[in-house]
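Each remark here refers to the structure printed beneath this line.
The values are calculated or read from the model by the stated rules, or taken from the named source; none is laboratory data. All of these numbers come straight from a predicted model, not from anything done at the bench. Neighbour counts run over all protein chains shown; Cβ positions are idealised from the backbone, glycine included. With ligands, DNA and RNA removed, areas are computed over all heavy atoms of the protein, side chains included. Shrake-Rupley method; radii C 1.70, N 1.55, O 1.52, S 1.80 Å.
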Amino acid sequence: MGRSEAVPSGEPDRPEVPEQRSGDGPYLQVRDLRVRFDTEDGVVRAVDGVSFAVERGRTLGIVGESGSGKSVTSLAILGLHNVKRTTISGEISVGGRQLVGLREEEIRRLRGRDMAMIFQDPLSALHPYYSVGRQIAEAYRVHHPRAGKREARSRAVDMLGRVGIPQPAKRFDQFPHEFSGGMRQRAMIAMALVNDPDLLIADEPTTALDVTVQAQILDLLADLQAEFRSAIILITHDLGVVSQVADDVLVMYAGRAVEHGSVERVLRAPQHPYTWGLLSSVPS
Ligand SMILES: Nc1ncnc2c1ncn2[C@@H]1O[C@H](COP(=O)(O)OP(=O)(O)O)[C@@H](O)[C@H]1O
Ligand SMILES: [Mg+2]
């Protein structure tokens, strides 16, 4: 005689990482993060003891010159470094979960769903041979394995519309090369947001765009944040951009935080000479 047990019907879901979203602390907490690469030429200490936090609904701007460790910091949060050649220490907590030391498959479950990244170059994130809409739909299905094709398509069309792409149902079937630079950047934002991540990291998302489109993308990020209440990290080398859209700012120099505080405070009374230099290029 078999026992009568409630057997879940439908496709089996992958095991979920337990939800820990009710914690009181900031959504993202980084403490004393150090990232070190072992290279043939020796050890590179790309990030050397950086701490910061971002709450839901807030934007942290990270500024610093090229090579100061901004991208290495964000890739560490998303678990995208090559584990063999990278040593990461410190704490990275996302929604109450400690990420440093998690296994790759555990991080993969969070990536895209709880945290997502917008890169500088959409073409590095979009595959040239698949339609834009299909790639967004697939990104949705990775974290919603029970969703059928039709549901994923309608979700992707919805997101394309939300990021301001006209005629989203028609655009769904077009390929990346049929999109302008600004539209591609919007499509990548749609892909990053398709699973409602609570943490969004935008790494120089407007650097390749002209000034008008840049302003539109920044407005879009602000609107989407008001709607989704996500925690946002905006990486840029432009302190003017930070002063427009961020609540807090972290200034990085040679792998360290040389300045950290509210945008108001840092812009009013910068402590570090490097920040003075950055400020001189900001229209008052
Ligand atoms: N995979 C890697 N191996 C070795 N060094 C790296 C690697 N990735 C980045 N670096 C070095 O780490 C430093 C910080 O890089 P990065 O975070 O990309 O700077 P940025 O602030 O411009 O984003 C740079 O000196 C860079 O050359
Ligand atoms: Mg970078």
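Please state the relative contact order of the chain as a whole percent: Cα pairs under 8 Å, 6+ residues apart?
Details: 515 pairs, mean separation 70.5, N = 284.
That works out to 25 percent.
Could you calculate the FRET efficiency of residue 216 with residue 158 from 1/(1 + (r/R0)^6), where r is the beta carbon distance between them and R0 is 30 Å, rounded to 0.05? After rounding, the FRET efficiency stands at 0.95.
Under the rule a/c < 1.5 gives rounded, and otherwise a/b versus b/c splits prolate from oblate, where does the range 168-284 land using the Cα gyration tensor? Prolate shape, in that a/c is at least 1.5 and a/b is the bigger ratio.
How much of the accessible area of the chain, in percent, comes from carbon and sulfur atoms when a 1.4 Å probe is used?
On the way: 7290 of 14690 Å².
Accessible surface attributable to carbon and sulfur in the chain totals 50 percent.
Rolling a 1.4 angstrom probe over the protein heavy atoms with all chains in place gives the chain an accessible area of 52 Å² per residue. From most to least packed by mean Cβ count within 10 Å, the peptides 149-157, 181-189 give 181-189, 149-157.
Mean projection of the Cα convex hull over all viewing directions, computed for the range 124-196: 4.3 nm². Entry note, the range 124-196: relative contact order of 43 percent, from Cα contacts under 8 Å with a spacing of 6+ residues. The calculated FRET efficiency for residue 127 paired with residue 83, based on their beta-carbon distance and R0 = 25 Å, is about 0.55. Calculated on the Cα set of the chain, radius of gyration then Dmax: 20.0, 80 Å.
Report the antiparallel proportion of the DSSP beta bridges in the chain as a percent, rounded to a multiple of 5.
Numbers: 26 of 45 bridges.
Antiparallel bridges make up about 60 percent of those DSSP assigns within the chain.
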